[in-house]
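The values are calculated or read from the model by the stated rules, or taken from the named source; none is laboratory data. Here the structure is a predicted model, which is why all the values come from computation and not from measurement. Counting neighbours? That spans all protein chains shown, and the Cβs are built from the backbone with ideal geometry, glycine included. Calculation scope for accessible area: heavy atoms of the full protein, side chains included, ligands and nucleic acids excluded. Shrake-Rupley method; radii C 1.70, N 1.55, O 1.52, S 1.80 Å.
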Amino acid sequence: MWLSMRCVAPKILKLIPWGSCTVCNRVPARGYKVTPHCMKKSGLNYGNIDSIIKAHSRNFKKDLLSTLDTSLCPVTVTEIRQYLRAKNISFHDGYSCLHVPSPFTPNRDNCLFIDKTTGRFLCKDTLLEGSWEDYQDSIELLQKEDCSFLSPDCIAGYLADSDSESAEEQFNDAEARRIWDRAAWFSDLEEGDAQLVKTMFSISKIPNGTLKKFGVKCYFPTKSLVFPWTSPRDSTLKGLKLLSAEYQQQTVRYVETTIPRSARYHNLFGLCVTGKKEAEVVITSREVDSLAVHQATGLTTVSLPRGINCLPPVLLPYLEQFKRITLWLGDDLQAWEASKRFARKLNLKRCSLIRPGDKQPTPLKALNDGLNLSKILKASLPASHKSIISFRQLREEVFGQLENVEQISGIKWARFPELNKLLKGHRKGELTVFTGPTGSGKTTFISEYALDLCIQGVSTLWGSFEINNVRLAKLMLTQFSLLRLEEQLDKYDEWADRFEDLPLYFMTFHGQQNIKLVLDTMQHAVYMYDINHVIIDNLQFMMGQENLFTDKFAVQDYMVGAFRKFATDNSCHVTLVIHPRKEDDDKELQTSSIFGSAKASQEADNVLILQDRKLVSGPGKRHIQVAKNRFDGDVGVFSLEFNKSSLTFSTQKNKTKLRKLNKDNEMPLENPAEELPVRNKKQT
């Protein structure tokens, strides 16, 4: 885990009450509590502040990766360049980062990388990283006192988040070291044992020499492959990934386990054998694929820590040296979509993509099938293209979509099979509008609807403007565990640890918010965490009631259009919860019942309505009506059964059936109890 520079030297000096300097009584510059002059006079300096740290202890808030900090103002690359020029700091404009001299090392030739999108920095030589504000504080301190550099060594201990965090890190280090020491090199195993493990993972064509070059060991008690995460600074062990094989119903399933947990596992496997002058690299989604590429071609290759799910921006500086990057992430359409998404982060101009196909499978399969990997790499497609293209350029991609209909339809829900029969799946780049009567359970349903996808690896961002995040997280944790944890507190930590590993993030907004700030936060989340699904709950509460003299329908139309554009531009699914307008109690909701003008239903790819007949005619069941489906036109209705103990709408033995709709595709049959076999109707 990178050392976090959340507070650098200027902030470290803020340790005593506000006022004049305790040594000379002068007022320090910029609100510092001790003047730099007195620090030097006392034998201290900004590069050696260990004595101040020991004299004044201070606790810092842990950096919660699952909560997006909306208090910091976003910074643009133009503002970064202007600041650097104003401070006479030379910089080089890289692919995804600006390269500047590091203020944390005496050698000014060592580079510090500033992310063009977020402003966060990373010093590869010291592994210190922090925000744009931290970097500004550091530079101003150096220039005011004419210091040569800020020593990072004495800051390291100060940067620990808490005692519990240190204990967790120590446990991870000890556990990783224990496994690493017990693991053996393949060359040290009996030939039969080594061949058995290689066969399990289909790496029989990878010789022991290549495995040792990349540091791959075998943990024989579980017959697992061990991939090390070593520090780029001093090659010390920072963590491990274990790849194990499980046999289920005559099929092999591979399971990954990381130390530390996956959210903090930022290893670029293969980086340890990369030369500083290498200009070309192949990026894969699996470690075994990187081994295959290197074995077959001799090219520099690295693999991503979390496969096709995420490319953490903290890794971008390590890829700055490469002028050409080839992304070969897999053999399905999800890998193809991830390749295009990651290429935008890495700079399209230097990226090429391997399109999935029969003759272009995963690198390991290509090696085992005897294919020419060098020829496949030469046939890679440039990621960038002109604004206008011909069908000839799209021909293969269109064929790929026709050939992989199931993958095109999206990710299936595990808890809502009836929803799969209508919508076919959850697809990127779409806008879903969800509505239902007040008190019918919209938030409860949409929470489980999103959680179902998140469990399957869909990175999810929640924007809950009506209920706070603690209450929402409690609801989702209950739905995740299917238990009343308040009655079984001894199981809380177990389920909380599992829930924490989900790719789930929350915006800290509440109540009325500026749409631009919300969109900026969503854009930041897509860049940082590769978000694939954003939920806005709900639109009216986000708008608030303060602008009484503004045309609220025009404001809502603008916001719906902005979310529609965001979904399309970022290939991200947006689910928008909108309250319905007031309807007669004896009528069920329709598409026209959505509050505001018709723009919301027109812009939406999908319209879902939660029908709650118990609110209309007494006790009854809730239903989900798919009123619009732009993907293939199927619409229909299916029943929901609420489980109060787990706060879920799904059951393990769900016997509900779809109901046929009448000709107007809005209202279901008059007799809601009449459930027909699965027959749905196409939209006209």
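Protection proxy ranking for 401-414, 527-540, 93-106, 223-236, using the average of other Cβ atoms within 10 Å per residue and placing the highest first: 527-540, 93-106, 223-236, 401-414. The packing ranking of peptides 187-196, 306-315, 171-180, highest mean first, is 306-315, 171-180, 187-196, where packing means the average number of other beta carbon atoms within 10 angstrom of each residue. Working note: Cα atoms of the range 423-476, range along each principal axis, descending, whole Å: 28, 24, 16. The modelled label-to-label distance between N514 and L394, using points 7 Å beyond Cα along the C-beta direction, is 3.8 nm.
What the range 194-302 shows is 43 Å² of accessible area per residue, with the surface traced by a 1.4 Å probe over protein heavy atoms. One Cα centroid belongs to the range 501-522, the other to the range 192-243; the line between them spans 40 Å.
Estimated at the nearest 10 Å², the accessible area of K87 is 60 Å² with a 1.4 Å probe. F322 sits among other residues whose Cβ lies under 13 Å from its own Cβ, and their net charge, with Lys and Arg +1 and Asp and Glu -1, is +3. Here the label points at W185 and T568, each 7 Å from Cα along the C-beta direction, are separated by 5.8 nm in the simple model. Subtracting the Cα-Cα distance of N208 and L196 from their residue separation scaled by 0.36 nm leaves 3.0 nm.
Evaluate 2.2 N^0.38 Å with N set to the residue count of the range 278-394, then give the Cα radius of gyration divided by it. Before the final figure, lay out the partial values.
Numbers: Rg = 13.5 Å, N = 117, 2.2 N^0.38 = 13.4 Å.
So the Cα radius of gyration is 1.00 times the expected 2.2 N^0.38 Å.
Holding the Cα-Cα limit at 29 Å, pick out from K212/K349; K323/K365; K424/K552 the pairs that are longer than that. Distance filter (> 29 Å) returns K212/K349; K424/K552.
Which percent of the accessible area of the range 416-530 is formed by carbon and sulfur heavy atoms (probe 1.4 angstrom)?
Values: 2300 of 4360 Å².
The value for the range 416-530 is 53 percent carbon and sulfur by accessible area.
Subtract the Cα-Cα distance of S645 and N404 from 0.36 nm times their separation in residues, and report this length gain in nm to one decimal.
On the way: separation 241, 0.36 × 241 = 86.76 nm, distance 3.96 nm.
Length difference between fully extended and current span is 82.8 nm.
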